1. List the lysines whose Cα sits under 26 Å from the Cα of LYS4, skipping any in the same chain fewer than 8 residues away.
2. What residues of the stretch 151-170 lie in the reach of a label at LYS46, counting those whose backbone N is under 18 Å from a point 7 Å from the Cα along Cα→Cβ?
Amino acid sequence: MTDKFARERHLVMHLMQRLGIAPSEYVDPNAAAGHETGIDVVAIVKARRIGVQVTELDTGAVPGRSRGAEKRDARAARETGGGVYFGWAPNDPAKMIDAVRASIARKCAIADRHTFDGISEVWLLVSAGVPEIGAVISTSIVTPWLSDADLNNATLPLLEESKYRRAFVHSIVAVPRVLYSWSPGRAWQKTIQPEPAGTQGPSFWDLQSAARRHLRERGLL
């Protein structure tokens, strides 16, 4: 199992748990085919083979630069024994929408080049707020005020012409826990998952405070 597939499978598992779907197996389609299939993860759900294209939201002007810098920060934190890194989510809704649209446009272009033989349906997953291993937070967090109307205006023409049967923008670390869902002929729908009653452990904002305190103690803030 490659590191890339392990990470993407983890993100798909987060989505499936949120949707209440329990696949019997997750398969790496590129390992089996021996070449790039245009799909990152295949989820086996009864007799269906759901192919999922996965992308992590990148709010940088140059694709990959924002997430690359974030991963370097996380690695540096681990190597220095800190175990945490700190960064604020972008609070500009227009910038966030541009980043989502760019991610979807890139994936639509990839999907257009493939036939997806043997796949029941193809989904697109845009994951955000994905913390690096050993890190407390992620800088790429979908803000609570990102609206489904904004997503409709920016992405519906792309998606309606695409091969996708469903698309999602899923924020892993966020308050509130937001999921945006799309399917053909329907607009984006925003759903908020309430925190389970009696939830134990620190909240996201507790982790933010802990990160700031850690940096102040080290004279970095």
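1. Partners found: LYS46, LYS71, LYS107, LYS163.
2. Only 166 pass the distance filter.
The numbers here are math on the coordinates, done by the rules we state, and not lab data. Computed from a prediction, not measured in an experiment: that's the story for all the values here. Counting neighbours? That spans all protein chains shown, and the Cβs are built from the backbone with ideal geometry, glycine included.
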